[in-house]
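Asks: I'd like to ask some things about the structure below.
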Amino acid sequence: MGAVAVGLTLGLLGSGGSILTVPILVYLLGQEEKTAIGGSLAVVGAIALVGGVTAALRRAVEWRSVLLFGLPGMAGAVAGAAAARRVPGALQLVVFAVFMLVAAAAMLRGGRRHEQPSLPRSASRLAGDGVAVGLATGFVGIGGGFLIVPALVGLGGLPVALAVGTSLWIIALNAFAGFVRYLPLLAAQGLRLDWTVLVPFIVVGSAGSVVGHGIGRRLPQAALKRIFGVALLALGTYVLVRSAGRLLS
């Protein structure tokens, strides 16, 4: 069920997958924080890629933005994963929880200012946002779709439907770059990914992403975002309390 929720969320909203993946791996499956973050990068990257291919077949991807946002994001993801080596897993989850609460606030606010595309702005602004999102991806394992989609609309001048498909390719690029850099970190600490969990997660989640993308075109995005925002607010608060308690104990 967790994999289905991740895939559906990515397909419906173009974001939110990894924000569910890490808590599922940590609190439902009992994985260590750093292992869960590394696994999340693999899962979300693969699911986003499947969703991105589906979007590309529907011509719902703007490739210029993928390059301008995604390539700098990959560099940021590598740097974020390298920085994660120096901090405890509990601190990573505290930062992760803060991102969850930021995402919840953005979704509950409604994002009306991002519902209409603006005139495209400079490539440097997109690249700068790409690096920032990539850093977050590499450090705490989030895909960053809740940041990418508004940036593509507000800075890139894309319609929301096109921004969602484009964001899936950016998420995939960032996640895979972070994952490759994260593997040596896990090996250095004697940690291993559990592929018996991750592979079924990817397969089921990818199917959910394709289904979600099709359903999402028929459902009101504002209502979906409010529902998901409430869920994120509750889950983010839980993760923050649990992780801060571990950090301070």
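The values are calculated or read from the model by the stated rules, or taken from the named source; none is laboratory data. Note that the coordinates shown come from a computational prediction; the quantities given were computed from them, not determined experimentally. Glycine also receives a Cβ, built like all others from the backbone with ideal geometry; neighbour counts cover every protein chain displayed.
Asks: Any idea how many residues of the range 13-50 are at pLDDT below 85 and more than 13 Å from the chain's Cα centre (by Cα)?
Replies: Residues flagged as at pLDDT below 85 and more than 13 Å from the chain's Cα centre (by Cα) within the range 13-50 amount to 1.
Asks: Separate question: What residue, among those in the range 124-150 that are among the small types (Gly, Ala, Ser) and not in a helix (DSSP H, G or I), is surrounded by the fewest Cβ atoms within 10 Å (Cβ to Cβ)? So that I can check it myself, show each step before the final result.
Replies: At the first step, the residues of the range 124-150 found to be among the small types (Gly, Ala, Ser) are 124, 127-128, 130, 132, 134, 136, 138, 141, 143-145.
Right, trim to not in a helix (DSSP H, G or I) and you get 141, 143-144.
Numbers: GLY141: 35, GLY143: 34, GLY144: 31.
Top of the filtered list is GLY144.
Asks: So which of LEU68, LEU57, LEU41 is buried (at least 22 other Cβ atoms within 10 Å of the Cβ), out of contact with any Leu (no Cβ under 9 Å at 6 or more places or on another chain) and not basic (Lys, Arg)?
Replies: Values: LEU68 fails: out of contact with any Leu (no Cβ under 9 Å at 6 or more places or on another chain); LEU57 fails: buried (at least 22 other Cβ atoms within 10 Å of the Cβ).
From the options LEU68, LEU57, LEU41, the qualifying one is LEU41.
Asks: Quick one: ALA163 ticks every box in (1) at pLDDT below 80; (2) surrounded by 19 or more Cβ atoms within 10 Å (Cβ to Cβ) bar one, so which box is it?
Replies: The one condition ALA163 does not meet is (1).
Asks: Just name the residue that is nearest to the chain's Cα centre (by Cα) out of those in the range 145-160 that are within 13 Å of TRP63 (Cα to Cα) and modelled with pLDDT of 80 or more.
Replies: LEU152
Asks: Answer yes or no as to whether MET100 is at pLDDT below 85, part of a helix (DSSP H, G or I) and buried (at least 17 other Cβ atoms within 10 Å of the Cβ). Give the derivation first.
Replies: Values: at pLDDT below 85: no; part of a helix (DSSP H, G or I): yes; buried (at least 17 other Cβ atoms within 10 Å of the Cβ): yes.
So MET100 does not fit the description; no.
Asks: Only one of ARG242, ARG192 is assigned to a helix (DSSP H, G or I), among the charged types (D, E, K, R), out of contact with any strand residue (DSSP E or B) (no Cβ under 8 Å at 6 or more places or on another chain) and at pLDDT 90 or above. Can you tell me which?
Replies: Selected residue: ARG242, the only one of ARG242, ARG192 that is assigned to a helix (DSSP H, G or I), among the charged types (D, E, K, R), out of contact with any strand residue (DSSP E or B) (no Cβ under 8 Å at 6 or more places or on another chain) and at pLDDT 90 or above.
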